[in-house]
Amino acid sequence: MKPISDINTPSDMSAFWMPFTANQQFKAAPRILKSAEGMYYHSEDGRKILDGTAGLWCCNAGHGRREIAEAVSQQISHLDFAPTFQMGHPLPFELANQLVEIAPKGFGHVFYTNSGSESVDTALKIALAWQRARGQGTRTRLIGRERGYHGVGFGGISVGGIPGNRKWFGSLLGGVDHLPHTLNIGKNAFTKGLPEEDLSLADELEKIVFLHDASNIAAVIVEPIAGSTGVIMPPKGYLKRLREICTKHGILLIFDEVITGFGRLGSAFAAQEFDVIPDLITCAKGLTNGAIPMGAVLVRNGIYDDMMAAGKGAIELFHGYTYSGHPVAAAAGLATLEIYRSENLLHRAADLAGYWEEAAHSLRGCKHVKDVRNYGLVAGIELESMPDAPGKRAYEVFVRCFEKGALIRVTGDIIALSPPLIIERSEIDDLFTLLQDVLQAQD
Ligand code: PLP
């Protein structure tokens, strides 16, 4: 067999059914990334590509981190796998201790998963189980939000609000309602940071509660900033109001922080950034800097305590994955958290936010740009759609940017940017200059 590092060009692409990809279109004109270091990918044809998306919102500490590679390699030869069902090994305990240190105060417990989707399904199950454990088993309804993305498990697509992700898959979970999304370009286009206070969208939750009665509702799940559907901001005060309504009615509030976790907005979690404390936090991606799949649900103390009390020494939660707390993933997580700590990366987005904001808003006035949204080190640039071909315009921008040396992400006609948190100001300049050139060269 060829050494793995010599496999630079796939010999045949037909066997791999690629996720969220137009397989036939891609395989006819593939983009192959061969290696990565720091802020850059290297393509198969030898080009440097500036990473404007931290891979897929995950490589917050940049690429090719030796510390993570060494931790992973040492752990594989030391203890490659061991179960966490009815036995343990040290690293996931240690990682959980370190995670609760950076989590909001009062989050003392961690349930491990392997992905954001699994974190979401786990959080929904914890919410349902907790309601039952405290004698409120009629609370089975779940509330998500339009344009929410919560991964691709059946729980996640049910509470999620993306029609394309739902329509192929039958009737999904029953008993789910959706809050309205918070994007209002008519009123808020080109707002820097969060739009002005508007509690009316959060107050929609009261209407859903009134309709079904609180005694039937288990949990509300939202992304603090919706990432995958185009970087959609909550108006000021929105999350706080959701918190108040949930507390008033005994409904759990889940923040899906798969994107906003680990420093994306300037604090370890959005909960701290916005000073709104939910009951459960889902995370993944940045937990291991994307190097090894791992996710987690961070759990507030009272919820864990109630579950322990109800369990009476038996299995308290009938849930878990073969790889929950995998030793190699935990090693990657520990090495990642050490990098975040030693380089102060969980707060770096706050330092760069002003510079990033100015750079993002410099695109105002470029061809077809109808909105720019930003917070921390994330930005959404929305383009006017072509009348008969929604998504085509942004996809063409994505392809041109890749050809010219920058990786951006597009969803519909929205460009989403979320670079590694190690980005320098000069690289922010490079990213937006390149993007501006591509936007201006559009038809
Ligand atoms: N939740 C949110 C907010 C996400 O952005 C994502 C992925 O982008 C997920 C869940 C799903 O994560 P994964 O793709 O790791 O399953």
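The values are calculated or read from the model by the stated rules, or taken from the named source; none is laboratory data. These numbers were taken from a predicted model, which means no experiment stands behind them. Here Cβ is always computed from backbone atoms with ideal geometry, including for glycine, and neighbour counts include all displayed protein chains. Heads up: the accessible areas ignore ligands, DNA and RNA and are worked out on the full protein's heavy atoms, side chains in. Shrake-Rupley method; radii C 1.70, N 1.55, O 1.52, S 1.80 Å.
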Completion exercise
Subset of the stretch 127-140, residues crowded, with 24+ Cβ neighbours inside 10 Å and under 24 Å from the mean Cα position of the chain (by Cα), comes to Ala127
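Name the residue that is farthest from the ligand (Cβ to nearest atom), counting only residues in the stretch 246-259 that are part of a loop (DSSP other than H, G, I, E, B) and open to solvent by less than 10 Å² (accessible area, probe 1.4 Å). If you could, list the steps in order and put the result at the bottom.
Step one: filter the stretch 246-259 for residues part of a loop (DSSP other than H, G, I, E, B), giving 250-251, 257-259.
Among the residues that remain, those that are also open to solvent by less than 10 Å² (accessible area, probe 1.4 Å) are: 251, 257.
Working: Ile251: 20, Glu257: 7 Å.
Filtering the stretch 246-259 for residues that are part of a loop (DSSP other than H, G, I, E, B) and open to solvent by less than 10 Å² (accessible area, probe 1.4 Å), the one farthest from the ligand (Cβ to nearest atom) comes out as Ile251.
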Exercise for the section: Can you tell me which residue among Leu265, Leu298 is of a type in the set (A, V, I, L, M), open to solvent by less than 10 Å² (accessible area, probe 1.4 Å) and part of a loop (DSSP other than H, G, I, E, B)? Expected result: Leu265
Exercise for the section: Starting from the stretch 91-115, take each residue that is closer than 20 Å to Val276 by Cβ and touching a residue at least 60 places away in the same chain (Cβ under 8 Å) and list its partners that are of a type outside the set (Phe, Trp, Tyr) and open to solvent by less than 40 Å² (accessible area, probe 1.4 Å), counting only C-beta distances under 6 angstrom and pairs at least six apart or across chains. Expected result: Leu99/Val110; Val100/Gly108; Ile102/Ala268; Ala103/Leu298; Pro104/Ala271; Phe107/Leu298; His109/Val299
Exercise for the section: Could you tell me which of the residues Lys285, Lys240, Lys187 is at positive phi and among the basic types (Lys, Arg)? Expected result: Lys285
Fill in the blank from the handout: Among helices (runs of 4 or more DSSP H) entirely inside the stretch 157-244, those with 2 or more residues being of a type outside the set (Phe, Trp, Tyr) and closer than 30 Å to Tyr355 by Cα are 185-188
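Name every residue in the stretch 59-72 that is touching a helix residue (DSSP H, G or I) at 6+ places or on another chain (Cβ under 9 Å) and loosely packed, with under 15 Cβ neighbours inside 10 Å, in order of residue number.
Residues satisfying the conditions are Ala69, Glu70.
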Fill in the blank from the handout: Restricted to the stretch 104-126 and to residues being more than 13 Å from the ligand (Cβ to nearest atom) and assigned to a loop (DSSP other than H, G, I, E, B), the residue nearest to the chain's Cα centre (by Cα) is Pro104
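Kindly indicate whether Phe262 is within 28 Å of Ala359 (Cβ to Cβ) and either out of contact with any Pro (no Cβ under 8 Å at 6 or more places or on another chain) or away from the ligand (no atom under 16 Å from the Cβ) (or both).
Values: within 28 Å of Ala359 (Cβ to Cβ): yes; either out of contact with any Pro (no Cβ under 8 Å at 6 or more places or on another chain) or away from the ligand (no atom under 16 Å from the Cβ) (or both): yes.
So Phe262 fits the description; yes.
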Practice task
Just name the residue that is farthest from the ligand (Cβ to nearest atom) out of those in the stretch 280-293 that are out of contact with any helix residue (DSSP H, G or I) (no Cβ under 6 Å at 6 or more places or on another chain) and either of a type in the set (Val, Ile, Thr) or in a loop (DSSP other than H, G, I, E, B) (or both).
Solution key: Ile281
Fill in the blank from the handout: Condition set assigned to a loop (DSSP other than H, G, I, E, B) and farther than 26 Å from Tyr321 by Cα, scope the stretch 269-279, selection farthest from the ligand (Cβ to nearest atom): answer is Asp275
Exercise for the section: Return the only residue of Leu33, Leu56 being surrounded by fewer than 20 Cβ atoms within 10 Å (Cβ to Cβ) and within 16 Å of the ligand (Cβ to nearest atom). Expected result: Leu56
